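J.: This is the structure I have questions about; it appears just below.
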Amino acid sequence: MERIQFTVEDELKGIRIDKALLGRVELSRTRIQQLIDEGLICVNDEPVKSNYKLRLDDDVTVEIPDSEEYHVEPVKMDLDIRYEDEDVIVINKPRGLIVHPTATTSEPTLVNGVLYHCKDLSGINGVNRPGVVHRIDKDTTGLIIMAKNDKAHLSLSAQLADKTMSRKYYALVHGVIQHDNGTIDAPIGRDPKDRQKMAVTDKNGKDAVTRFYVRERFKKHTLIECHLMTGRTHQIRVHMEYIGHPVVNDPKYAPRRMKGNGQLLHAFELTFIHPTTNQRMTITCPRPADFEEYLEKLREGNDQ
């Protein structure tokens with residue numbers, strides 16, 4: 001196990017420990033949070049939460065467990081690559097494909113397919129999630145960026161943390177939203193009644209903010225554009241269900257209103273600063289065919 005220790009000086013005073021560590025250790029934001037949750041990041045020999053603000057002369061200790069042996073196998077896969085260079089790869093993920101292996105999945109994931117294509121990915125997030133900077137749900141379509149090396153991974157993770165990376169989604173939701181735009185600011189955490197779901201909750205909830213803009217209205221549905229200000233699990237799905245406009249065909253948050261397979265939620269735009277060139281880049285991809293077909297039926301008046 002690697003052990004990192006340092007004493008807080010003036011430049012780190014008053015900064016949250018999770019943000020302070022991003023600039024001092026070669027770990028992603030996600031990995032830092034994991035270590036905090038596991039009690040492996042301590043201040044003055046006591047575990048702390050991620051929102052702890054450092055004080056002058058605090059003694060900080062970070063314990064990093066040794067990596068497990070790499071065992072994710074490359075799998076040949078047709079990938080819709082929207083951008084690629086020596087540092088990053090941006091892929092339009094299809095519906096039904098999981099991003100990375102988990103303890104409960106056996107089918108090939110996006111990580112398996114990208115490993116076959118790239119041969120190598122960053123190792124910061126461990127053996128099961130090489131290259132994974134952020135995730136989108138299995139049944140959500142659209143853009144995801146992966147890092148090919150640790151330098152790129154650290155840069156992209158920092159952009160997620162300081163919100164210089166922008167992610168935009170299209171969502172078709174139930175009901176007609178009357179106002180043209182809105183902001184949902186409601187904490188999200190594990191649903192205390194169902195551990196397989198997330199929910200708006202003050203109990204162990206983390207800050208979550210989604211902005212939305214109405215793009216098209218139908219008789220009983222609304223097409224919206226969502227901008228993520230934070231990146232919580234199932235954030236758009238939970239927030240839209242919370243305000244009474246769940247995503248169409250969402251099996252987890254609107255199961256009684258299912259009209260087909262696959263939630264109509266699509267990550268269509270990703271903006272980031274390139275980790276090597278420092279250029280601001282925007283990658284886009286169109287909505288999938290079944291999403292467009294659903295919209296066309298609504299436009300033709302078949303809105304039930």
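J.: Where does helix 289-299 land angle-wise versus the long Cα axis of the chain, in degrees 0 to 90, nearest 10?
T.: Helix 289-299 sits at roughly 40 degrees to that axis.
J.: For the chain, what does -39500 (n - 2.57) per DSSP helix run (n ≥ 4), summed and divided by total residues, give at 222 nm, in deg cm²/dmol to the nearest 500?
T.: Numbers: 6 runs with 56 residues, N = 304.
Rounded to the nearest 500, it is -5500 deg cm²/dmol.
J.: Next up: Leaving out same-chain residues fewer than 8 places away, which lysines sit with a Cα under 28 Å from that of residue 193?
T.: 49, 138, 203, 206, 252, 259
J.: How are the C-alpha pair distances of the chain spread across 20 Å bins, as whole percents from the shortest bin up?
T.: Per 20 Å bin, starting at 0, the Cα pair percentages come out as 30, 58, 12, 0.
J.: Quick one: which of 233-245, 249-261 comes out on top by average Cβ neighbours within 10 Å, and what's the full order, highest first?
T.: Working: 233-245: 21.1, 249-261: 14.5.
Averaged packing, sorted descending, gives the order 233-245, 249-261.
J.: Okay, next question. Name the shape class, rounded, prolate or oblate, that the alpha-carbon gyration tensor gives for the range 144-201, where a ≥ b ≥ c are the square roots of its eigenvalues, rounded holds for a/c under 1.5, and otherwise prolate holds if a/b is larger than b/c and oblate otherwise.
T.: Oblate, since a/c reaches 1.5 and b/c is not below a/b.
J.: Size of the dipole of the range 72-161 about the Cα centre, Lys and Arg at +1 and Asp and Glu at -1 on the beta carbon, nothing else charged, in debye to 20?
T.: Working: 10 positive and 12 negative charges, 35 e Å.
That gives a dipole near 160 debye.
J.: Can I ask one more? Mind checking the dipole of the range 2-64: about its Cα centre, +1 per Lys or Arg Cβ, -1 per Asp or Glu Cβ, Debye to the nearest 20? Write down the numbers at each step before the final one.
T.: Values: 10 positive and 14 negative charges, 72 e Å.
With only Lys, Arg, Asp and Glu charged at Cβ, the dipole is about 340 debye.
J.: So what's Rg/Rh here for the range 1-57, counting alpha carbon atoms and using the Kirkwood radius for Rh?
T.: On the way: Rg = 10.5 Å, Rh = 11.5 Å.
Rg/Rh: 0.91.
J.: Next question. If you add up the charges near residue 187, with Lys and Arg at +1 and Asp and Glu at -1, over every other residue whose beta carbon is less than 11 angstrom from its beta carbon, what do you get?
T.: Working: positive: 203, 206, 232; negative: 185, 202, 207.
Here the count lands on 0.
J.: Beta carbons within 10 angstrom, averaged per residue: use that to sort the peptides 153-166, 8-21, 278-291, 136-149, highest first.
T.: Listed from highest to lowest mean packing, they are 136-149, 153-166, 8-21, 278-291.
J.: Follow-up. Compare the peptides 188-195, 172-179 by average per-residue count of other Cβ atoms within 10 angstrom and give them in order, highest first.
T.: On the way: 188-195: 13.8, 172-179: 16.5.
Final packing ranking: 172-179, 188-195.
J.: If you don't mind, there's one more thing I want to ask. State to the nearest 20 debye the size of the charge dipole of the chain about its Cα centre, where the only charges are +1 on K and R beta carbons and -1 on D and E beta carbons.
T.: On the way: 44 positive and 47 negative charges, 277 e Å.
Computed charge dipole of the chain: roughly 1340 debye.
J.: Here's something else I'd like to know. So how tilted is helix 150-162 from the main axis of the chain? Cα-based, degrees 0 to 90, rounded to 10.
T.: On a 0 to 90 degree scale, this one is about 70.
J.: Given the C-alpha centroids of the range 243-304 and the range 129-197, what is the distance between them in whole angstrom?
T.: About 13 Å separates the Cα centre of the range 243-304 from the one of the range 129-197.
J.: For the charge dipole of the chain, defined by +1 on Lys and Arg C-beta atoms and -1 on Asp and Glu C-beta atoms about the Cα centroid, which residue among 62, 166, 294 has the Cα displaced farthest towards the positive pole?
T.: Working it through, the farthest residue towards the positive pole turns out to be 294.
Any read-out appearing in this document is the output of simple, stated calculations on the displayed coordinates, not a laboratory observation. Note that the coordinates shown come from a computational prediction; the quantities given were computed from them, not determined experimentally. Glycine also receives a Cβ, built like all others from the backbone with ideal geometry; neighbour counts cover every protein chain displayed.
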